[in-house]
Amino acid sequence: SLALRCQLVKGANKQQWKLIHERTKSGEMRDVYDALNLIQKTPYVINDYVLEAVNWAWDTNQSIKKFPQRQKIELQPRPDHWDDLTEEQRKGWIIDRRKVVMTNRKVDGNNSVMKSDLQTAHFLSDFSEFYIPHNMDFRGRVYPISTFNYQRDSHIKAMFKFARAKPIGEQGFKYLALKVADLGDFDKVSKKPLADRLQWVLDNEELVYKVGNDYVDSFEIWSKADKPFEFLAACHEYTQVMLHGFSYKSGLPIGLDGSNSAAQHYSAASRSYEEGRMVNLTVETRPQDVYQVVAERVIHDCKQDSSPMAKL
């Protein structure tokens with residue numbers, strides 16, 4: 001039923017479909033299909049600690065960065081002194097009111113989506129494992145088909161754990177600690193050397209334990225994190241290791257991302273040391289940020305530009 005409604009490759013043109021069918025018959029697509037099926041064979045479980053926290057935050061209408069807003073903003077009536085306002089003031093009032101109307105429409109959508117997400121999460125939490133179907137886009141990138149998936153916002157992504165948990169071990173614990181530091185990103189610690197990030201976690205273990213043990217009492221801490229619910233999940237996992245040791249079986253996904261992967265590929269192919277350094281292909285004490293390098297260059301060039309547009 002799903003196969004009839006969902007294409008293997010989204011957005012493919014006729015020429016692409018022709019090539020896909022030809023290379024499927026010749027066996028050239030086998031590696032692609034094997035990779036896709038391996039992703040689809042990966043079982044997950046719901047992180048109950050995060051699910052409870054999301055439920056609580058939604059029910060109590062907590063204000064958290066990038067968390068859906070639940071309550072509408074009250075529409076203010078037209079002011080009594082409307083006739084005394086200038087045309088510019090009237091336009092400003094209309095624009096502000098329009099923003100409130102759009103925000104309230106978004107709230108309606110938030111309520112519908114959150115209701116569906118929580119129902120799905122609670123349903124899946126009763127199972128020892130579940131799976132996510134995937135397909136590809138015309139570029140070959142793999143995406144989940146289901147709406148409830150690990151590529152969503154922080155509060156949904158944080159609900160996912162691997163079902164086949166493994167003993168974390170000492171090395172795995174270091175990766176977990178780095179994840180705690182990066183997801184919290186307090187005082188921009190994610191931009192600091194690895195040793196400094198690990199030290200931040202050691203210096204703040206009491207804070208991490210509090211967040212990982214009681215999401216209500218520690219709300220003022222984790223709600224200020226860069227990625228609040230993912231930070232909450234990482235702290236909870238860290239707390240479990242503190243309680244059970246390196247033999248604790250962890251299923252928390254530890255994401256490893258590239259630094260502008262397109263630039264990484266180009267600089268690697270050209271073997272440009274300086275460009276490779278800016279996208280972290282060389283051994284450096286501090287992580288490099290090519291986006292910041294570009295931003296600083298643009299700011300510099302704008303300051304050098306004497307045109308009126310640049311001054312704007």
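Backbone geometry of segment 166-173 corresponds, through the Karplus equation with coefficients 6.51, -1.76 and 1.60 at θ = phi - 60°, to 3J(HN,Hα) couplings of 10, x, 6, x, 5, 5, x, 5 Hz, x marking Gly and Pro. Specify the residue with the greatest mean-square fluctuation among ASN135, ASN13, ASN110, computed from a Gaussian network of the chain linking alpha-carbon atoms under 10 Å apart. Comparing ASN135, ASN13, ASN110 in a Gaussian network model of the chain, the most mobile one is ASN13.
Distance between the 7 Å Cα→Cβ label points at ASN61 and SER125: 2.3 nm. Here are several values of semi-axes √(5λ) of the Cα gyration tensor in Å: (1) 45, 22, 21; (2) 36, 30, 28; (3) 31, 29, 20. Which one was derived from the coordinates shown? This structure yields the entry labelled (2). Among TRP93, ASN149, TRP82, whose Cα projects farthest towards the positive end of the dipole of the chain, with charges put on the beta-carbon of Lys, Arg (+1) and Asp, Glu (-1)? Selected residue: ASN149. Taking 11 Å as the cut-off, the amide N atoms of segment 133-149 that come nearer than this to a point 7 Å along the Cα-to-beta-carbon line of HIS265 belong to 139-141. A dipole drawn for segment 200-262 from +1 and -1 charges on Cβ atoms has a positive end, and of LEU232, PHE246, VAL208 the residue lying farthest that way is PHE246.
Exposure check, 1.4 Å probe, all protein chains in place: HIS81 carries approximately 100 Å² of accessible surface.
Compared with the direct C-alpha span, the chain from ASP31 to ASN149 gains 40.1 nm at full extension, assuming 0.36 nm per residue. Take the Cβ atoms of LYS115 and CYS6, set R0 to 22 Å, and the FRET efficiency comes out at 0.35.
Between ASP59, ASP48, ASP196, the residue with the greatest mean-square fluctuation in the GNM of the chain (Cα pairs under 10 Å linked by springs) is ASP59.
Between ALA158, ALA195, ALA295, the residue with the greatest mean-square fluctuation in the GNM of the chain (Cα pairs under 10 Å linked by springs) is ALA295. Need one word for segment 170-293: rounded, prolate or oblate. Basis is the Cα gyration tensor (sqrt eigenvalues a ≥ b ≥ c); a/c below 1.5 gives rounded, then a/b vs b/c decides. Prolate shape, in that a/c is at least 1.5 and a/b is the bigger ratio.
The values are calculated or read from the model by the stated rules, or taken from the named source; none is laboratory data. Please read all numbers here as calculations on a predicted model, not as lab measurements. No Cβ is skipped: glycine too gets one built from the backbone with ideal geometry, and neighbour counts run over all protein chains shown. With ligands, DNA and RNA removed, areas are computed over all heavy atoms of the protein, side chains included. Shrake-Rupley method; radii C 1.70, N 1.55, O 1.52, S 1.80 Å.
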